[in-house]
Amino acid sequence: SRSYPECKIISNKNSKNYIYSTGTNGILYHSLYFPCKELSEIELNHSSFYADLITNLGHKSKSYEEIQQYQSSKTGGISASFSLIPTDDDKNYQIALKISGKCLEENSKEMQRLLIDTIENVKFNESKRIEELIEFSAASNEKSIVSNGHILAMSNASSQINNLGSFMDSVGGINFIRKNKILIEQIKNDELNK
């Protein structure tokens, strides 16, 4: 197992927890990783969009407005993304959904519950909200091409060389932007044909 300075590792058969003790002026940072055994190519292509959705939709009976308000009252924000984590043998990597948040120490239990609730109880039936997020994503992607074109080009070039580069391009590079644009057009066409 890897060793990290000032790191306490707590393991059981279901999870492994890494706790880092350092000065943060009373702010607690928390990340949960959910390994994904096998993602199809389509799932991988839309993984970044999925990660954006789960942190911007409602939970159970609460709307996204209520959840956003609660998030703001208890945390400094919650985000989700897909990343690579080492396998148990530390020789390979696997894809994992990462959900993170930060809060004041006294709000740590509420934030942890909110992180779990975001994974387990997100509402995918808020179609108007999803449509807004799609539009925002499309505009954001267009801006990133202009402002980060050189980084996107390097990411795309490295995707031809190794698996890590290919993964990065699929979840945030030119390939992601291109496939996300196709998804957005399909969703808009479906809406028009209803």
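The values are calculated or read from the model by the stated rules, or taken from the named source; none is laboratory data. Quantities reported herein were computed from a predicted structural model and do not represent experimental measurements. With ideal geometry, Cβ positions are generated from the backbone for all residues, glycine too; neighbour counts draw on all protein chains shown. For the accessible areas, the whole protein counts, side chains as well, though only heavy atoms, and no ligand, DNA or RNA atoms are used. Shrake-Rupley method; radii C 1.70, N 1.55, O 1.52, S 1.80 Å.
For S73, the conditions (1) loosely packed, with under 14 Cβ neighbours inside 10 Å; (2) touching a residue at least 24 places away in the same chain (Cβ under 8 Å); (3) of a type outside the set (A, V, I, L, M) all hold with the exception of (2).
Residues in the range 88-132 that are among the acidic types (D, E) and within 16 Å of Q68 (Cβ to Cβ): E110, D117, E126, E132.
Residues in the range 34-53 that are of a type in the set (A, V, I, L, M) and in a loop (DSSP other than H, G, I, E, B): 1 in all.
Listed conditions (1) modelled with pLDDT under 75; (2) closer than 30 Å to A139 by Cβ are all met by N14, apart from (2).
The C-beta contact set for the range 89-104 (first residue at negative phi and of a type in the set (S, T, Y), second residue assigned to a strand (DSSP E or B) and open to solvent by 80 Å² or more (accessible area, probe 1.4 Å), distance under 9 angstrom, 6+ apart or interchain) comprises S100/Y29. Filtering N107, N25 for residues that are of a type in the set (S, T, N, Q) and in a loop (DSSP other than H, G, I, E, B) leaves a single hit, N25.
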